[in-house]
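To start, the structure itself, in structure tokens.
The values are calculated or read from the model by the stated rules, or taken from the named source; none is laboratory data. In this text, all values refer to a predicted model and were calculated from it rather than measured experimentally. Backbone-built Cβ (ideal geometry, glycine too); neighbour counts: all protein chains shown.
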Amino acid sequence: MIYTNPKNVKIFEKYFLQNYPRVKGFAIKILKNEEDAEDVAQDIFIKIWNQPEIWSSDQYSSSYIYTMTKNHIFNLLKRRQLEQKYQEHAMYVKDTPDFTPNFEKDLYSKELKLMYKMKIDQMPEQRRRIFKLSRFSGKSNQEIAELLNLSIRTVERHIYLALNDLKQIPFILIFLLF
């Protein structure tokens, strides 16, 4: 196994020592925060450790690691922006006065719907498309398979994975409420 070979560990260590300061510096320039930059650099090198073809040969240029870092940072910023939008929306919903007796129930319902929508929007494109066709358009698995030129088993698998993703939301909501 490549990970336990002391020679390979030394190669990775050398690669790490040469590139970590550059990756961290690049991340600091974009994020303007040293702690976040360290986290990003660590995440990048964990990914690279699991891809020995990158650090054990000279075929990958240094621009590859910068591209990985840039993409990781953009994903981090997108996730933060999405979280901020959710928090702003949740604050708006909480601060909006409503004097109906079911206000609290309506609030939780709106938050739950928003969390489901966000979870669906975060799904991979194919899974999201299949799930929406199944649940919102009322198409059968056979119809979806024919429409997207997929096997029925693939459609079933995507629906299963989508439902598993959505099952997590009530537990998250319970954690947030208590």
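In summary, helices (runs of 4 or more DSSP H) completely within the stretch 1-114 and bearing 1 or more residues that are farther than 28 Å from residue 169 by Cβ and at pLDDT 85 or above occur at 6-31, 34-49, 62-95.
In the stretch 140-158, the condition of being out of contact with any strand residue (DSSP E or B) (no Cβ under 7 Å at 6 or more places or on another chain), closer than 19 Å to residue 115 by Cα and in a helix (DSSP H, G or I) is met by no residue. Count of the stretch 110-166 residues, restricted to those that are within 22 Å of residue 80 (Cβ to Cβ) and in contact with a Lys or Arg (Cβ under 8 Å, 6 or more places away or on another chain), is 3.
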